């Protein structure tokens, strides 16, 4: 077996393991969304507080992920894992918000939302498809949907730029430190 084949094989193994960890992370987040109690918590203010706490957790985890990318010897793979955490967490955060809003007042949307309906609605907004079968009726629901649309654009544009920039800087630093090409996707 040649050295090049061994390096390629090790690199393929790292990619497979990173993808597996990412899929498992996404699966756990979606499972938690379906399993954790998300009953109506009372007022719109308490729902807003829950959402704000979730948003802070999201920002904290993403900050931690960026630091992990900068410390990794395979920043591209670490970024892939970060995306497998960020996107499902972001979507589940909004789905949980829509679900609890619908549970508190079914008139917030054109139909009462089950957890699956809320996740479906969140993904259609994220993908900008907007089928129109579910829509926000109440002003508070429309504000949350508007916030999600704005944050979708920010995450897709700025978030991707930050993650890719971090990967590029880390690869440049690693290449500069070792003087050799870094083996990572």
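The values are calculated or read from the model by the stated rules, or taken from the named source; none is laboratory data. In this text, all values refer to a predicted model and were calculated from it rather than measured experimentally. Cβ coordinates were reconstructed from backbone atoms using ideal geometry, including for glycine residues, and neighbour counts include every protein chain displayed.
As an exercise: evaluate residue 69 against (1) touching a helix residue (DSSP H, G or I) at 6+ places or on another chain (Cβ under 7 Å); (2) more than 30 Å from residue 168 (Cβ to Cβ); (3) in contact (Cβ under 8 Å) with a residue 40 or more places away in the chain and give the number of the one condition it does not meet.
So the condition that residue 69 fails would be (2).
Restricting to the stretch 125-134, name every residue that is within 19 Å of residue 88 (Cα to Cα) and crowded, with 16+ Cβ neighbours inside 10 Å. Explain how you work it out, then say what you get.
Within the stretch 125-134, the subset within 19 Å of residue 88 (Cα to Cα) is 125-130.
Within the stretch 125-134, 125, 126 meet the criteria.
Tell me the residue from 113, 91, 119 that is under 22 Å from residue 29 (Cβ atoms) and in a loop (DSSP other than H, G, I, E, B), please.
Numbers: 91 fails: in a loop (DSSP other than H, G, I, E, B); 119 fails: in a loop (DSSP other than H, G, I, E, B).
When all the criteria are applied, what remains is 113.
Residue 177: at pLDDT below 90, surrounded by fewer than 12 Cβ atoms within 10 Å (Cβ to Cβ) and either touching a helix residue (DSSP H, G or I) at 6+ places or on another chain (Cβ under 6 Å) or closer than 14 Å to residue 74 by Cβ (or both), yes or no? Can you show your working first?
Numbers: at pLDDT below 90: yes; surrounded by fewer than 12 Cβ atoms within 10 Å (Cβ to Cβ): yes; either touching a helix residue (DSSP H, G or I) at 6+ places or on another chain (Cβ under 6 Å) or closer than 14 Å to residue 74 by Cβ (or both): no.
No: the conditions fail for residue 177.
Being buried (at least 18 other Cβ atoms within 10 Å of the Cβ) and not in a helix (DSSP H, G or I), is that true of even one residue in the stretch 135-144?
yes
Can you give me the number of residues within the stretch 87-107 that are surrounded by fewer than 18 Cβ atoms within 10 Å (Cβ to Cβ) and under 13 Å from the mean Cα position of the chain (by Cα)?
Result for the stretch 87-107: 1.
Of the numbered conditions (1) more than 19 Å from the chain's Cα centre (by Cα); (2) at pLDDT below 90; (3) surrounded by fewer than 17 Cβ atoms within 10 Å (Cβ to Cβ), residue 110 satisfies every one except a single condition; which is it?
(2)
Is there a residue being assigned to a loop (DSSP other than H, G, I, E, B) and in contact with a strand residue (DSSP E or B) (Cβ under 9 Å, 6 or more places away or on another chain) anywhere in the stretch 123-134?
Within the stretch 123-134, one or more residues are assigned to a loop (DSSP other than H, G, I, E, B) and in contact with a strand residue (DSSP E or B) (Cβ under 9 Å, 6 or more places away or on another chain).
With 26, 52, 79, 18 as the choices, which residue is at pLDDT below 90, within 17 Å of the chain's Cα centre (by Cα) and under 26 Å from residue 115 (Cβ atoms)?
That would be 52, the only listed residue that is at pLDDT below 90, within 17 Å of the chain's Cα centre (by Cα) and under 26 Å from residue 115 (Cβ atoms).
Please find, within the stretch 30-44, the residue that is nearest to residue 85 (Cα to Cα) out of those that are modelled with pLDDT of 65 or more and not in a loop (DSSP other than H, G, I, E, B).
Checking each candidate, the answer is 30.
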